[in-house]
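Comments concern the structure below.
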Amino acid sequence: MKCCAKLLDDDTQLVQDGLLEYLTESTDFLVVGCIGPQGVGKSTLLSHFAKPPDDPFDAENLIFKKQSKSQIDSSTHCTDGIDAYITDERVILLDSQPVLSLSVLVRHYNCEGNLSARSCSRDDPDYPCIESDMELLSLQYCAFLLTVCHVVVIVQDYSFNPQLIRFLQTAEMLKPSTGVHTDEDTLLEYFPHVVLVHNKSELNTFTKKNLHDMQEGYKKLFSQSQLPIQSGIGIANGNILKSLTPELCKSDPINLFLLPRFQKDPPSYENINYTSLVKDLRLQIYGLAPAPLTHTLLTEKNWWHYAGKIWEDIKKSTFFPEFGRLLPTPSSAKAEINQT
């Protein structure tokens, strides 16, 4: 492939067949999805997964489009729906539009986008409950990736975003139940490897104390979750930086990776520079053993049909609109204030 193809169209909410001609009957493939807020570097990171960068400042050779300066200035998102690209290693990369994005909200409000789940009915005084509807759409996208990907990369910027973790675990709760039946009555539910990436991190965050605190904090946040965050990879697993090992950090490593900002003249010590670390992250993710998505072994083309079925199931699911009715609206907020 020379450029990405559309997998999921945000306007029609339908899985597109532009990717199908590039898929084969091979069963040896890996699906990596990426999700996160607006402007954190998701598309750039996935482009560097597709083709490791020699110069991260070279924006012309990016597989997935990044925000232009005018889009950044106007706080407008770049990716709509889900774009896909297949690497030479038969890794299918999925780049999703931003979640919990005000820009996505404005776009759907202006064009009355085709939403499959609404948080309130037309008879509701708050209709359209556009903020809640956008959260439901983001949850549908996240649930889709959690179901059809072998690895899901959660990207945020240098600061910790607890709202994003709450959102991820809500999507985990709402995703379709899929997996492998161990016997007639028992379903071993499927969950992908989850990799947490803090992009644009400052160099003073690459310390053993900070990594200890971050890893222990994430373990507590995911203690009630079934999403696997300990797959043997991460920046503190002892194979990336000599100063960040499990012994020095005094913490069992999780799938946590810090990436620094782009720098023209990166520091020479410990290889703490974007180009080197993103190549390490790419190798670690590409080396993960994919768990079976279903009880039958899927080929790449089978996976495309499976993805289409999963998206239709998500659109028809009653879980999302039912959850949406629990979300706050202007009327419910006003009533709560009056009660106090």
I'd like the full set of residues that are loosely packed, with under 14 Cβ neighbours inside 10 Å and in contact (Cβ under 8 Å) with a residue 12 or more places away in the chain, limited to segment 1-16. 3, 11, 12
Within segment 217-258, can you find the residues that are of a type in the set (A, V, I, L, M, F, W, C) and exposed (fewer than 15 other Cβ atoms within 10 Å of the Cβ)? none
Mind checking which strands (runs of 3 or more DSSP E) fall wholly inside segment 179-249 and carry at least 3 residues that are at pLDDT below 95 and out of contact with any helix residue (DSSP H, G or I) (no Cβ under 8 Å at 6 or more places or on another chain)? 179-181, 187-189
Do we find a residue being of a type in the set (S, T, N, Q), surrounded by fewer than 16 Cβ atoms within 10 Å (Cβ to Cβ) and at pLDDT below 95 anywhere in segment 99-106? no
Residue selected from segment 141-157 under the condition in contact with a Pro (Cβ under 9 Å, 6 or more places away or on another chain) and not in a helix (DSSP H, G or I), by the criterion surrounded by the fewest Cβ atoms within 10 Å (Cβ to Cβ): 157
Considering only residues that are assigned to a helix (DSSP H, G or I) and crowded, with 20+ Cβ neighbours inside 10 Å, which ones fall in segment 283-302? 284, 285, 300
Looking at 55, 124, 80, can you tell me which residue is modelled with pLDDT of 70 or more and either crowded, with 19+ Cβ neighbours inside 10 Å or farther than 25 Å from residue 178 by Cα (or both)? 80
Of the residues in segment 24-48 that are in contact (Cβ under 8 Å) with a residue 40 or more places away in the chain and over 25 Å from residue 169 (Cα atoms), the one that is surrounded by the fewest Cβ atoms within 10 Å (Cβ to Cβ) is 25
Within segment 157-176, how many residues turn out to be among the polar types (S, T, N, Q) and at pLDDT 95 or above? 2
Regarding residue 180, is this residue under 20 Å from the mean Cα position of the chain (by Cα) and either at positive phi or touching a residue at least 24 places away in the same chain (Cβ under 8 Å) (or both)? no
Single match in 234, 308, 287 (criterion: at positive phi and not basic (Lys, Arg)): 234
What pairs can you find where one residue is in segment 151-169 and within 15 Å of residue 42 (Cα to Cα), the other is polar (S, T, N, Q) and surrounded by 20 or more Cβ atoms within 10 Å (Cβ to Cβ), and their Cβ atoms are less than 6 Å apart, with a gap of 6+ or different chains? 155/199; 157/199; 158/201; 164/156
For residue 60, the lone unmet condition from (1) under 20 Å from the mean Cα position of the chain (by Cα); (2) loosely packed, with under 15 Cβ neighbours inside 10 Å is (1)
Among residues of segment 1-48, those that are within 19 Å of residue 262 (Cβ to Cβ) and of a type in the set (Val, Ile, Thr), counted: 2
What strands (runs of 3 or more DSSP E) completely inside segment 1-92 contain at least 1 residues that are in contact with a Gly (Cβ under 6 Å, 6 or more places away or on another chain)? 5-9
Count of residues meeting criterion [closer than 30 Å to residue 238 by Cβ and of a type in the set (Gly, Ala, Ser)] in segment 271-310: 4
Across (1) at pLDDT 90 or above; (2) within 25 Å of the chain's Cα centre (by Cα), residue 321 clears everything bar (1)
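The values are calculated or read from the model by the stated rules, or taken from the named source; none is laboratory data. The model shown is predicted, which means the values in this text are computed figures rather than measured ones. Virtual Cβ from ideal backbone geometry, glycine too; neighbours counted across all protein chains shown.
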